[in-house]
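Here is the structure we will look at, set down as structure tokens.
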Amino acid sequence: MLLRKAGLNDVIVKRSITVKPTTTLLEARDILFKHKIRRLIVLGAKDKPVGIITEKDVAKTVYSPGGKSIKLVKVGDFMSKNLVTVKKNATVYDCAKLMSNRKISSIIVLNEKGDLDGLVTKTDLVSVFLTQATKPLKVSDIMTRNVITVTPSDSVLLVESLLINNRITRIVVERKRRPVGIITHRNFLPAKIPHWIAETADPKELERYQKGHQLMELQANQLSYLLPFKAVDIMTSNPITVDANDDVSVAALLMIRHDISGLPVVRKSLLVGIITKSDIVNAIAKP
């Protein structure tokens, strides 16, 4: 076990911004951007937690609005209702194990009465790792080696399809095996909820692309807004990288300092993997 038995008292439990099930998708998207956060807790009757949505959920729902106009989609239509919660007496190890097993990025913390007390995220656990790790660990020991990449000239439609179909949250943009950019759902959201989608997009047409049809097979009339956009247009350029031989604490510090969740891993400037907060949480969760 990489940490001593730290409790949630060692973690700053965040007070979460909340919404109601009747909040619209577009309103939720605006709240995420305004407060620079990645998730919202949904409160129902008596202000009890009934769901949670992330920026990834918003991105996916834009592509699968269920036949509705985007303007009419409510948070209650697509929120995750399978909530994972802990009490304040849980340990950091308990939270890491839950996140690792359930493949989630946050856990709702409840008080003694079962009311919302706050939220623990992967970032919180990575912060604890940075200050309390008891033994050294190399980036190469825990990084993900199979990295899905695109080139700067690839369509943003391809990028979003890869994000959704592979259930990942970031894609490295590479040129000749050198990372030149990175794209997450946060990069993508501003570009893909323009007026034409909210008013006229055909959900079936978008669904056809999501399921893997090539762009040339589509009738491009309603997708014309996005056709000119390439990965280079929305990517974050010159991504921060970490060397495969660095200690994981270096990666953790960079993630926290720059408010990012993953780093391309290089060896002699060439891409060899990616390390994310999930990888660090998985390491904490090991007995």
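The values are calculated or read from the model by the stated rules, or taken from the named source; none is laboratory data. Computed from a prediction, not measured in an experiment: that's the story for all the values here. Cβ atoms come from the backbone with ideal geometry, glycine included; neighbour counts cover every protein chain shown.
Observations
- Residue within region 120-136 that is closer than 20 Å to S249 by Cα and touching a Gly at 6+ places or on another chain (Cβ under 7 Å) present: no
- Consider region 154-180 and keep the residues that are at positive phi and at pLDDT 90 or above. The one that is surrounded by the fewest Cβ atoms within 10 Å (Cβ to Cβ) is K176.
- For region 221-238, the criterion of a residue being modelled with pLDDT under 50 and of a type in the set (A, V, I, L, M) is satisfied by at least one position.
- Filter result for M79 (in the same structural domain as I280 (by TED's automatic domain parsing) and surrounded by 14 or more Cβ atoms within 10 Å (Cβ to Cβ)): no
- V126 meets the conditions (1) crowded, with 18+ Cβ neighbours inside 10 Å; (2) in the same structural domain as S237 (by TED's automatic domain parsing); (3) modelled with pLDDT of 90 or more in every case but one. The failed one is (2).
- Pairs with Cβ under 7 Å, 6+ apart, first in region 16-37 and free of Cβ contacts under 8 Å to residues at least 24 places away in the same chain, second exposed (fewer than 15 other Cβ atoms within 10 Å of the Cβ): I31/I17; H35/I17; I37/I17
- Looking across K60, K97, one residue alone is in a helix (DSSP H, G or I), of a type in the set (K, R), in contact with a helix residue (DSSP H, G or I) (Cβ under 7 Å, 6 or more places away or on another chain) and closer than 22 Å to T18 by Cα. It is K60.
- Of all residues in region 1-57, those satisfying the criterion of being basic (K, R), modelled with pLDDT under 85 and either in a strand (DSSP E or B) or surrounded by fewer than 16 Cβ atoms within 10 Å (Cβ to Cβ) (or both) are R4, K5, K14, R15, K36.
- Whenever a residue of region 78-90 is within 15 Å of G44 (Cβ to Cβ), its partners that are of a type in the set (A, V, I, L, M) and part of a loop (DSSP other than H, G, I, E, B), lying with C-beta atoms within less than 9 angstrom and at least six residues away or across chains, give the pairs S80/I104.
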